[in-house]
Amino acid sequence: MPALREIERSFVDAIRDGDATTLAAHVAPLALSAERRIQIYRNHFTISLTEALSATYPTLKALVGEAFFDQTARRFAAEQPPSSPVLFEYGAAFPTFMAEATRSPEYRYLSDVGAFEWAINHAYHADDAPPFDPSTLLTVPEARRGDVVFDLHPSAQVFVSEYPTLDIWRANRPDADEMRFGEHDPARHL
């Protein structure tokens, strides 16, 4: 009997690579064959990751179209599976992967648009932190005020792009008509 670790490795290989040969011997063929049951897991794995990327990168999806996005997301999932079980942490490298998948210099901006969406994802899921109370500065002796260092909120990041990324993002949001870039614009504080 193989060790549990070997069976787990066979399961990962079957899900990622589609090779169910080794694992099939350890799967009971109930109503469906072992190979078919493993394929169901494989499909679920790919669909779940594609949906996670779609949720994180809706503007990228709008820019390249659903079919191309989904095809690229499936390839990304096969080549770069998650290293964490937390799906909102998945896909940091996807914008670069997407830009390279287009194989055209005129689509280089996709990487920056995706990086912007990743920054939004990061900000949304960042740890909570208490707001800064400026009155605490009054407790710092005058001689030590030059030593004060401020930490940014965990959601804050610096984003730099050679493209008008915010304008591209705003114009291509799936909900752009509803958003109208007013009070409900998530980027209004940028």
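The values are calculated or read from the model by the stated rules, or taken from the named source; none is laboratory data. Because the structure is a prediction, the values reported are computed rather than measured. Glycine gets a Cβ as well: all are built from the backbone with ideal geometry, and neighbour counts include every protein chain shown. Keep in mind that these areas ignore ligands, DNA and RNA; they rest on the heavy atoms of the full protein, side chains included. Shrake-Rupley method; radii C 1.70, N 1.55, O 1.52, S 1.80 Å.
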Among the residues of region 28-79, which ones are of a type in the set (Val, Ile, Thr), within 21 Å of ALA119 (Cα to Cα) and within 16 Å of the chain's Cα centre (by Cα)? THR50, THR56, THR59, THR72
Looking only at region 1-19, which residues are assigned to a helix (DSSP H, G or I) and of a type outside the set (A, V, I, L, M)? ARG5, GLU6, GLU8, ARG9, SER10, PHE11, ASP13, ARG16, ASP17
Residues (under 23 Å from ASP13 (Cβ atoms) and touching a residue at least 40 places away in the same chain (Cβ under 8 Å)) located in region 29-63: LEU49, LEU53
Is there a residue being open to solvent by less than 70 Å² (accessible area, probe 1.4 Å), within 21 Å of THR56 (Cα to Cα) and in a helix (DSSP H, G or I) anywhere in region 135-151? no
So in region 64-78, with the set limited to residues that are in contact (Cβ under 8 Å) with a residue 12 or more places away in the chain and of a type in the set (D, E, K, R), which one is most open to solvent (accessible area, probe 1.4 Å)? ARG74
Give me the residue from region 20-34 that is outside any helix (DSSP H, G or I) and in contact with a helix residue (DSSP H, G or I) (Cβ under 6 Å, 6 or more places away or on another chain) and, out of that set, least open to solvent (accessible area, probe 1.4 Å). ALA20
Quick one: would you say ASP112 is open to solvent by less than 100 Å² (accessible area, probe 1.4 Å), touching a helix residue (DSSP H, G or I) at 6+ places or on another chain (Cβ under 7 Å) and at pLDDT below 95? no
Picked from region 35-53 (must be among the polar types (S, T, N, Q) and crowded, with 16+ Cβ neighbours inside 10 Å), the residue farthest from ASP167 (Cα to Cα) is GLN39
Output the qualifying pairs, or none if there are none: Cβ atoms under 7 angstrom, residues six or more apart or on different chains, first residue in region 160-171 and β-branched (Val, Ile, Thr), second residue assigned to a helix (DSSP H, G or I). THR165/ASP112; THR165/VAL113; THR165/PHE116; ILE168/TYR109; ILE168/VAL113
